[in-house]
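A.B. asks: Quick one: structure below, then a few questions.
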């Protein structure tokens, strides 16, 4: 038994001794190489890296590059890239002459402008001198009715950019986009660029900013116009002629937006001052929240919309004489337009292809809109339905005579 134990111990010792001898040889060899030949080891590593690089380059030379197809029809073309801005979409037609032509959208045209000969205050021309606000606009049908009918000046804000941009692409006529900056805490330039991006356009016609936000007006306005972000810059919420005049000494302003209507004429002098300074006055709330429409009267305070009274009697009583004057003017306009229709009956029958008698109703709301136009301002009412849109379109093609405006002025002065 002792002999077996001794032999096993000898066998184990020999194995351990052999393993330690080999390990010590490898360590000594590695230390010797690292001490005596460090440059050779580095050179070997560099040679390996150069060989890998040459192999990669040779592989790229053998593989021909894929051709770029700008129409996005090939798998290696622009199909995998983000959508192109719409101002560059026409490039497809230039480079795809040898291929099947893609269907193009119908060319946009301008709607009829009855105020084409109007002596504008500056280079900004607003067709028919009437616009509309998209603040409470419910759907595309209302937008389409107005723009196709000839009222193409669209007053919007950054909150409505998405739907306005989508709607503008679907109408055959050119909408004139006027953007209002509502968020006072965001950058004016950032708001403009983000809104243009949302509406998928490189620039807008008019950018309207609140008066107190302009810190360096000349530099900011010049930058926006020179870079093509907008064609004109306007101001909103300005309340005095003195502030407007001081601003015009620092930069060029194309428009000024403020409240003005037949029943709220406290900014009448501001309208006149805008005309003198070459600035287009834009009248916000031309219906004065319904008071100028003739719908809400002392005898009908609910406006025929249920039993809920919107305005008390003390607010509606002073408007009785003015509302009577609006009805008189509406009658005068109706008779005048009917006489014009009868005198040009043959031409109109041929134009409209109809033998129906003259049936153009003139409402008090239409008189209120054309009163603002007669004073030199551009009304932008909020339109909520197709019926209201058609009533607004009924304001086109006619205006108030000086004696009709004077009749309304006399009645409006009795309110205050």
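Readers should treat all values here as calculations from the given coordinates under stated rules, not as data from a laboratory. Fair warning: this is a prediction, and the values are worked out from it, not measured in the lab. Cβ placement follows ideal geometry from the backbone for every residue including glycine, while neighbour counts extend to all protein chains displayed.
A.B. asks: Sorted by packing (mean other beta-carbon atoms within 10 Å per residue), highest first, where do 227-238, 328-339 land?
C.D. replies: Per-residue Cβ counts within 10 Å, averaged per peptide and sorted highest first, yield 227-238, 328-339.
A.B. asks: Multiplying the sequence separation of residue 190 and residue 317 by 0.36 nm and subtracting their Cα-Cα distance, what value in nm do you get?
C.D. replies: Using 0.36 nm per residue and subtracting the Cα-Cα distance, I get 41.0 nm.
A.B. asks: Continuing with the same structure: When DSSP beta bridges are limited to those with both residues in region 127-413, what percentage is antiparallel, rounded to the nearest 5?
C.D. replies: Bridges in region 127-413 are about 0 percent antiparallel.
A.B. asks: Under a point spin-label approximation (7 Å from Cα along Cα-to-Cβ), what is the residue 405-residue 249 distance to one decimal in nm?
C.D. replies: Between residue 405 and residue 249, the simple spin-label model gives 3.0 nm.
A.B. asks: Now a separate question. Taking neighbour counts of Cβ atoms within 10 Å as a proxy for exposure, in what order, fewest first, do 173, 289 appear?
C.D. replies: The order, fewest Cβ neighbours first, is 289, 173.
A.B. asks: Give me 244, 177, 393 ranked fewest to most by other Cβ atoms within 10 Å of their Cβ, as a rough exposure proxy.
C.D. replies: Least crowded to most crowded, the residues run 393, 244, 177.
A.B. asks: On full extension of the chain, what length is gained from residue 141 through residue 331, given 0.36 nm per residue of separation minus the C-alpha to C-alpha distance?
C.D. replies: Answer, rounded to one decimal: 65.3 nm.
A.B. asks: Could you list 404, 317, 200 in order of exposure, starting from the residue whose Cβ has the fewest other Cβ atoms within 10 Å?
C.D. replies: In order of increasing Cβ crowding within 10 Å: 317, 200, 404.
A.B. asks: While we're looking at this one, here's another question. Is the shape of region 170-290 rounded, prolate or oblate, going by the alpha carbon gyration tensor and its root eigenvalues a ≥ b ≥ c, with a/c under 1.5 for rounded and a/b larger than b/c for prolate?
C.D. replies: Oblate is the answer for region 170-290, as a/c is 1.5 or above yet b/c matches or exceeds a/b.
A.B. asks: Here's a follow-up. Contour minus end-to-end for residue 237 and residue 116, with contour as 0.36 nm per residue of separation and end-to-end as the Cα-Cα distance?
C.D. replies: 40.7 nm
A.B. asks: Need one number for region 127-413: average projected area of the convex hull over its C-alpha atoms, nm².
C.D. replies: Reported value for the Cα convex hull: 17.0 nm².
A.B. asks: At 7 Å along Cα-to-Cβ for each site, give me the label-to-label distance between residue 223 and residue 266 in nm.
C.D. replies: Inter-label distance under the simple model: 3.5 nm.
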